[in-house]
Each structure stands twice: as C-alpha cells, then as structure tokens.
Amino acid sequence: MRKVAAQFLFDFGSPNAYMCHRVLRDIEWRTGIRIEYVPILLGGLFKLTNNRSPAEAFADIPNKRAYDALEVQRFLAKHKLSSFRRNEFFPVNTLLIMRGAVAAQVLGCFDAYVEAVFSCMWEQSLNMADLDIARGALSAAGLDAEAILKATQDAGVKERLSSNTHDAFARGAFGSPTFFVGDELFFGKDRLREVEEEILKQKAG
C-alpha cells in the first residue's frame, strides 16, 4: 500500500468547512489516512481568484439560495450534526482566527484550537473577529489565549498564512473547503465521497 498525502484547506469563516471538519474523522477512520489541516485566508484567496462568497454571488438568485439551504439541511441530517447554528455575525472577518490557527501550530495546540474555534463559530455563534470575545472563548476552551493572540502578531505566523493562501491559489484552489489527495483537487462538502474514494484508490496503488 502506498502512502497517501491528503489535505484539507480551510477557513473558519466557511460553514461548509465546519461541516467537513465534523465528518473528516470518520473518513480518516475508514481509510486509515490522517488528513492534514492547512489554514488559509479565504478573503485573500477570493482576491487572488476574483471569486466571491456564495451569499454574495447568488444574492439575486433566490431559487439557488433556497436549494443551497436545502442541501445544508440534508447534509446536517445525514451526518447528525445537530449542534450547528448559523453565525449571527456572518460574514466574520477571519484574519485574527486564521492567524491564530497558524500560531496554534507553532505552539503545539493546533487540534484543540481548531476544535474550539469551529465550535465558537458554528455552534456558539460568536463574533470571533472581536479580540476580547476571541480571548474569552479561547480561554474558556482551556487554551492559552494570551500566548496564541500574541503569536498572531509574529511576522513568521503572518507569512505562513499568506504563503499557505498563495500556495493554495497556485495549486488551483478558489475557496474553502478545498481538498487535495496527492495532486487531485476537490472542492466543497459535496465532494467528500470522492475524496474518500481517491484516498482509497491512491492507498491501493
């Protein structure tokens, strides 16, 4: 069996990224492959690709918005994601918390940070762009909020997030959630089955 490189490029501001996060552990268990989480800045990627959020792009297409809402409900029901809540502050500027994700990698608390912030954004409906709210939420999750927030101002942390975002663009990404299995690109929560199939295909060699 071959070693497979699988990556999940994410921004906390995407509700679809949250939904994928809640499902990925099952895919890892079934495939035996650990999926690498790669923080990117969605706003930066949108600028690089001239892309827009679905809420903006389809604002004048009510049938499309209604169908997207239906697909969300189907996904939530299928995967029993009963804790999901729309964030009342959406869209949230995610620069702080995405830099925080890179800082958490440096500080060795990345997994706990990712779990806490996805919960804050899409289960607790917190405005994580607000520094004081973010500080309190991270502390409540048992994380060293002061260390993480201080590290978000580190030049190396800022550069890594920027580099991740530019690398994502160079590889063909245009939004979040994006997946790479080897060099194969997949976009969106509706491609999770294909992601899993590709992992198994590459694993079998």
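The values are calculated or read from the model by the stated rules, or taken from the named source; none is laboratory data. All values reported here derive from a predicted model rather than from experimental measurement. Note: ideal-geometry Cβ built from the backbone for every residue, glycine included; neighbour counts use all protein chains shown.
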Item to check | Candidate set: segment 119-160, residues that are in a loop (DSSP other than H, G, I, E, B) and small (Gly, Ala, Ser); chosen: the one farthest from the chain's Cα centre (by Cα) | outcome: Gly142
Checklist entry - When both residues are 6+ apart or on different chains and their Cβ atoms are under 8 Å apart, which pairs have a first residue that lies in segment 152-179 and is under 20 Å from Pro91 (Cβ atoms) and aromatic (Phe, Trp, Tyr), and a second that is modelled with pLDDT under 95 and in a loop (DSSP other than H, G, I, E, B)? => result Phe174/Asn51
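Of everything in segment 1-24, what is in a helix (DSSP H, G or I) and either more than 14 Å from the chain's Cα centre (by Cα) or of a type in the set (A, V, I, L, M, F, W, C) (or both)? Give them in sequence order.
Restricting attention to segment 1-24, the residues satisfying the condition of being in a helix (DSSP H, G or I) are 15-24.
Once the filter is applied, which keeps residues that are in a helix (DSSP H, G or I) and either more than 14 Å from the chain's Cα centre (by Cα) or of a type in the set (A, V, I, L, M, F, W, C) (or both), segment 1-24 yields Ala17, Met19, Cys20, Val23, Leu24.
For segment 72-113, which positions are of a type in the set (D, E, K, R) and out of contact with any strand residue (DSSP E or B) (no Cβ under 9 Å at 6 or more places or on another chain)?
Arg74, Lys78, Lys80, Arg85, Arg86, Glu88
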Checklist outcome for this item: Result of the Cβ filter at 8 Å on segment 64-86, keeping first residues that are farther than 12 Å from Asp190 by Cβ and partners that are polar (S, T, N, Q) and loosely packed, with under 11 Cβ neighbours inside 10 Å, at least 6 apart or interchain, is Leu76/Ser82
Checklist outcome for this item: Per the filter on segment 142-179, residues among the hydrophobic types (A, V, I, L, M, F, W, C), surrounded by 22 or more Cβ atoms within 10 Å (Cβ to Cβ) and within 15 Å of Asn51 (Cα to Cα) are Ala168, Ala173
Checklist entry - In segment 39-53, what residues are free of Cβ contacts under 8 Å to residues at least 24 places away in the same chain and at negative phi? => result Lys47, Arg52
Next on the checklist: Just to check your reading of the model, which residue among Glu36, Glu56, Glu115 is touching a helix residue (DSSP H, G or I) at 6+ places or on another chain (Cβ under 9 Å) and either free of Cβ contacts under 8 Å to residues at least 24 places away in the same chain or more than 17 Å from Phe174 (Cβ to Cβ) (or both)?
Outcome noted: Glu115
Checklist entry - In this structure, does Thr94 turn out to be under 17 Å from Ala137 (Cβ atoms), touching a residue at least 12 places away in the same chain (Cβ under 8 Å) and within 19 Å of the chain's Cα centre (by Cα)? => result yes
Checklist outcome for this item: Of the residues in segment 56-82, those that are under 16 Å from Trp122 (Cβ atoms) and either within 17 Å of the chain's Cα centre (by Cα) or of a type in the set (Val, Ile, Thr) (or both) come to Val72, Phe75, Leu76, Leu81
